[in-house]
1. Compute the signed sum of charges (Lys and Arg +1, Asp and Glu -1) over the other residues within less than 15 Å, Cβ to Cβ, of A94.
2. If you take all C-alpha pairs in the chain, what percent of them are over 24 Å apart?
3. Could you grab the relative contact order for the range 59-309? Cα pairs under 8 Å, six or more apart, rounded to a whole percent.
4. For the chain, what is the calculated [θ] at 222 nm in deg cm²/dmol (nearest 500), taking -39500 (n - 2.57) for each run of four or more DSSP H residues and dividing by its residue count?
5. Could you sort the peptides 207-214, 50-57 by per-residue average Cβ neighbour count (10 Å cutoff), highest mean leading?
6. Arranged by the count of other C-beta atoms within 10 angstrom, fewest first, what order do Y185, Y164, Y68 take?
7. Taking the Cα centre as origin and putting +1 on Lys and Arg beta-carbons and -1 on Asp and Glu beta-carbons, what dipole magnitude results for the chain, to the nearest 20 debye?
8. Just to confirm my numbers, what's the Cα centroid distance between the range 154-169 and the range 20-36 in Å?
Amino acid sequence: MEQTAPFIGSRPAAEQRHWGEWIIEKLIQVAGLSTIVIIGLIFFFLLREGLPAFFEVPLRTLLGGRWYPIENLFGLWPLLVGSLLVTAGAILIAVPLGLITAIYMGEIAPRWQREILKPLIEMLAGIPSIVLGFLGWVVLAPLIQQAGASTGLTAFTGSIILAYMSLPTIISSSEDALSAVPTEYRDGALAIGATQWQTIWRVVVPAARSGIVIAIMLGIGRAIGETMAVLMVTGNAANVPALGLGMFFQPVRTMTATIAAEMGEVANGSVHYHTLFAIGILLFVITFAINSLAGRLVGTQGKRRRSSQL
């Protein structure tokens with residue numbers, strides 16, 4: 001009797017743990033499914049409001065180079081080019097600078113310096129975009145105009161502001177990915193005679209590549225989805241810049257800025273209204289494609305790493 005008592009007494013506790021784990025597991029499943037449901041509802045809403053534009057506006061007009069709603073010209077091409085141009089410029093600036101800063105913080109900087117820099121960089125992400133837009137409008141735009149541009153409100157101005165806004169995300173995520181690399185990788189490389197830079201470039205960075213790719217994709221998502229700062233500093237000219245290096249120094253208009261600037265002025269259910277939601281569909285598809293590409297790249301690199309280890 002004394003031997004079976006602990007078993008009988010522990011049974012309710014085991015059942016309680018079982019029910020607790022079951023509840024936690026179900027809550028996690030509900031949280032995961034709710035994310036999918038919310039994204040699906042957003043896409044359904046965009047389709048409901050934006051699909052009529054593809055039937056009301058001829059496809060030739062949608063693919064045209066003029067956005068002039070007063071004359072029923074809804075060409076999406078200049079808006080798409082403006083968004084891609086500003087985003088590409090921001091990524092060209094933010095990615096090298098962000099990676100270099102992350103490598104310095106994670107691999108080179110002393111501990112006391114890292115503890116100061118990391119909170120400061122993370123604080124930059126909390127600056128409102130409207131404040132950065134004012135900064136670009138008042139300070140940066142006049143400097144670019146003085147440098148020789150016809151106007152300071154250009155794609156390059158927007159790229160600099162977006163690069164500044166993307167840097168905290170890229171730096172923090174990349175630094176976390178570098179910190180997750182096991183110390184044994186560094187010790188092994190140094191033990192066989194590699195220098196610190198060779199260890200960083202040949203060992204640590206490739207091992208953290210998946211996290212770095214995710215950081216870059218997050219930065220691209222932040223840049224392409226930004227609205228207010230871009231609305232203030234890019235000039236809002238719905239035209240296609242001439243090819244060449246000077247295209248960065250011409251006014252452009254992005255898709256997000258177009259939605260923000262014109263949605264409050266259109267009548268509900270009008271062609272213009274549906275076309276603005278069609279722009280939202282295009283933005284959703286581009287963002288989904290970027291995230292899918294990032295996931296594919298990370299998955300491919302993981303398979304290659306596992307196959308090389310085998």
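Coordinate-derived values only; no laboratory data. It should be emphasised that the depicted structure is a prediction, and the values quoted were computed from it without experimental measurement. Cβ coordinates were reconstructed from backbone atoms using ideal geometry, including for glycine residues, and neighbour counts include every protein chain displayed.
1. Result for the local shell: -1.
2. 65
3. The value is 26 percent.
4. Numbers: 13 runs with 217 residues, N = 310.
Result for the chain: -23500 deg cm²/dmol, rounded to the nearest 500.
5. Taking the mean over residues of other Cβ atoms within 10 Å, the ranking is 207-214, 50-57.
6. Exposure proxy ranking, most exposed first: Y68, Y185, Y164.
7. 760
8. 38
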